[in-house]
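First up is the structure itself, then whatever we jot down about it.
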Amino acid sequence: MDHPFDYIVVGSGAGGGTLAARLAEAGRSVLLLEAGGDPRQLSGTNDYQPGINRLPDDYDVPAFHGFASENDAMRWDFFVRHYASDELQAKDPNMCATTAASRSTGSSTRAPAPWAAAPRTMR
Ligand SMILES: Cc1cc2nc3c(=O)[nH]c(=O)nc-3n(C[C@H](O)[C@H](O)[C@H](O)COP(=O)(O)OP(=O)(O)OC[C@H]3O[C@@H](n4cnc5c(N)ncnc54)[C@H](O)[C@@H]3O)c2cc1C
């Protein structure tokens with residue numbers, strides 16, 4: 001890549017997209033890198049209607065907030081375990097756990113400790 005950029009922004013979400021736009025408006029050259037796809041072009045489903053494409057509705061309809069969080073074409077379904085020790089992991093402020101209830105209801109109940117009963121490695 002021969003073209004130099006003034007800024008490289010990683011992620012075109014609420015923060016990165018806005019920042020990249022503002023920099024471009026100010027006359028800077030910006031390379032914006034985005035790992036995700038276009039929800040209006042993707043197909044994706046969730047646990048409520050397996051096998052049925054729920055896009056773009058899960059993305060477009062505000063009332064489908066919960067569905068959007070669970071749609072397999074949009075969710076970043078992985079977590080990082082920072083410690084090998086369960087004891088240390090339980091103290092990690094970024095600790096996440098999925099309960100049976102959170103999967104069955106689809107709620108975004110991937111909450112940090114201390115409520116989590118037992119730390120576990122997430123995929
Ligand atoms: C379903 C839902 C509804 C919401 N509704 C509201 C609302 O009504 N009002 C409100 O104020 N907030 C709302 N929020 C919260 C709001 O969306 C977040 O607070 C906000 O998006 C966070 O912005 P961000 O830029 O930090 O991250 P994000 O918007 O998540 O952006 C991060 C971007 O980086 C990309 N990315 C990640 N890793 C890489 C990589 N390695 N390389 C390149 N790109 C990468 C991701 O694909 C993503 O596009 C909602 C959130 C959800 C999930």
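Quick rundown of the values:
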| item | result |
| --- | --- |
| Prolate/oblate/rounded call for region 1-95, Cα gyration tensor, a/c under 1.5 rounded | oblate |
| Normalised contact order of region 21-87, rounded percent, pairs of Cα under 8 Å and 6 or more residues apart | 25 percent |
| Footprinting exposure proxy for Val9, Val61 (fewest neighbouring C-beta atoms within 10 Å first) | Val61, Val9 |
| Amide H within-cut-off set for Leu32, under 5 Å, with H built and near neighbours excluded | Val9 |
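Computed from the coordinates by the stated procedures, all read-outs in this text should not be read as laboratory data. Remember, predicted model here, so these are calculated numbers, not experimental data. Quick reminder, even Gly has a Cβ in these numbers, built from the backbone with ideal geometry, and neighbours come from all protein chains shown.
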